[in-house]
1. Could you go through the stretch 76-86 and let me know if any residue there is touching a Leu at 6+ places or on another chain (Cβ under 8 Å) and surrounded by fewer than 22 Cβ atoms within 10 Å (Cβ to Cβ).
2. Please state which of the following conditions Gly113 fails to meet, knowing it meets all the rest: (1) over 20 Å from the mean Cα position of the chain (by Cα); (2) open to solvent by 30 Å² or more (accessible area, probe 1.4 Å).
3. All but one of (1) modelled with pLDDT of 95 or more; (2) within 16 Å of the ligand (Cβ to nearest atom); (3) buried (at least 21 other Cβ atoms within 10 Å of the Cβ); (4) closer than 28 Å to Ala256 by Cα hold for Val209; which doesn't?
4. Looking at this structure, is Val245 in contact with a Phe, Trp or Tyr (Cβ under 9 Å, 6 or more places away or on another chain) and under 21 Å from Val12 (Cα atoms)?
5. Go through the residues of the stretch 9-21 one by one and say whether even a single one is within 14 Å of the ligand (Cβ to nearest atom), modelled with pLDDT under 95, farther than 24 Å from Ala223 by Cα and open to solvent by 30 Å² or more (accessible area, probe 1.4 Å).
6. Report, by residue number, each residue of the stretch 122-136 that is within 11 Å of the ligand (Cβ to nearest atom) and not small (Gly, Ala, Ser).
7. Quick check, is Val74 in contact with a helix residue (DSSP H, G or I) (Cβ under 8 Å, 6 or more places away or on another chain), within 14 Å of the ligand (Cβ to nearest atom), at pLDDT 95 or above and within 20 Å of Thr45 (Cα to Cα)?
8. Output the residues belonging to the stretch 87-100 that are open to solvent by less than 50 Å² (accessible area, probe 1.4 Å) and either within 15 Å of the ligand (Cβ to nearest atom) or closer than 19 Å to Ala18 by Cβ (or both).
Amino acid sequence: MADSDSGARPGVGALFNAVADDYDQSGVDFFAPIAQGLVDELAPTSGERAVDLGCGRGAATVLLTRGVGATGSVVGLDLSEGMLAHARADLDRQGLVVDLRVGDASEPDLPTGEFDIVASSLVLFFLPEPRVALERWVHLLAPGGRIGLATFGDQDPVWGSVDREFRPWLPPAMRDPRVMGPQSHFGSDEGMEQLLSDAGATDVRTRSVRLPVRFGTVERWEAFSRGTGQRAMWASVPPDEVAGVRDRAAAHLEGARNGHGEIEVWQDIRYTLGGRPHP
Ligand SMILES: C[S@@+](CC[C@H](N)C(=O)[O-])C[C@H]1O[C@@H](n2cnc3c(N)ncnc32)[C@H](O)[C@@H]1O
């Protein structure tokens, strides 16, 4: 399936086209609660105009559309036609009208100063130049508008150990905040706040939430990770190393059984929020 990778990091559109059918289908609650937290912070109201940048299968898009109601409007933009096809089908099923577009969030081809809400959940770290992109995102806001970004904060050490098993072969398209290190803007609340302030947003602040991630079993963890951008981790491991990686990952996960015997880890979600002042 085609993608428009132009200004985007090479391989990201193709990766999400490949993963689209399985994305968020493992039964593990992850993208929906993260999107819910973001939309709760942005608090859309009836009649507002919102855009969801890197909307994927629509985890935040659906919530924004319900929030702005029939008198509002929502645009969903994503690089991956495969992700958008699923978003379109899900939104249609729910009778929700959204303007879904294939496009590069690095350079969104959208009118400036027209949106009350700019939302983006788990996307910014895929962009080659997050600061430049963010400046464009802030410009999309109408006076009084607000912007919210969901990215990753700290991670359960067990999950970190699992991901480190893939590290030797990790392709560049898969570098998310969990592997970028503390020196990156994505490594701290302050770093993200600085990025958003430098992009021109005001009243910049952070809210963090610790999300329990219940895999239950090793098999469900594998299905989950193969249905996310982490699919690229699996694809990068040489075939004769896959069984060893899986066994070592499973051994780490065994250390994360909760009181019910289920594998459960945690992931901190960082919401970085800001706005554009009234003139
Ligand atoms: C981890 S998914 C998040 C999707 C959705 N926001 C959610 O919360 O489920 C990342 C999404 O960003 C999209 N993406 C990555 N780089 C992009 C770019 N330069 N422009 C537009 N979308 C991009 C991917 O295609 C994918 O749908």
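The values are calculated or read from the model by the stated rules, or taken from the named source; none is laboratory data. Everything numeric here is computed off the predicted structure, so don't read it as measured data. Positions of Cβ are generated from backbone atoms using ideal geometry, with glycine treated the same way; all protein chains shown enter the neighbour counts. Ligands, DNA and RNA are excluded from the accessible area calculation, which covers all protein heavy atoms including side chains. Shrake-Rupley method; radii C 1.70, N 1.55, O 1.52, S 1.80 Å.
1. No: the stretch 76-86 contains no residue that is touching a Leu at 6+ places or on another chain (Cβ under 8 Å) and surrounded by fewer than 22 Cβ atoms within 10 Å (Cβ to Cβ).
2. (2)
3. For Val209, the failing item is (3).
4. When the stated conditions are applied, Val245 does not pass them.
5. To start, the set of residues in the stretch 9-21 that are within 14 Å of the ligand (Cβ to nearest atom) comprises 9-21.
Checking which are modelled with pLDDT under 95 leaves us with 9-21.
Cutting the leftovers down to farther than 24 Å from Ala223 by Cα gives us 9-10.
Those still in the list that are open to solvent by 30 Å² or more (accessible area, probe 1.4 Å) too: 9-10.
Yes: one or more hits.
6. The first filter runs over the stretch 122-136 and keeps only residues within 11 Å of the ligand (Cβ to nearest atom), leaving 122-130, 133.
Leu122, Val123, Leu124, Phe125, Phe126, Leu127, Pro128, Glu129, Pro130, listed by residue number.
7. Numbers: in contact with a helix residue (DSSP H, G or I) (Cβ under 8 Å, 6 or more places away or on another chain): yes; within 14 Å of the ligand (Cβ to nearest atom): yes; at pLDDT 95 or above: yes; within 20 Å of Thr45 (Cα to Cα): yes.
Spelling it out, Val74 is indeed in contact with a helix residue (DSSP H, G or I) (Cβ under 8 Å, 6 or more places away or on another chain), within 14 Å of the ligand (Cβ to nearest atom), at pLDDT 95 or above and within 20 Å of Thr45 (Cα to Cα).
8. Listed by number, the residues that qualify are Ala87, Ala89, Asp90, Leu91, Val98, Leu100.
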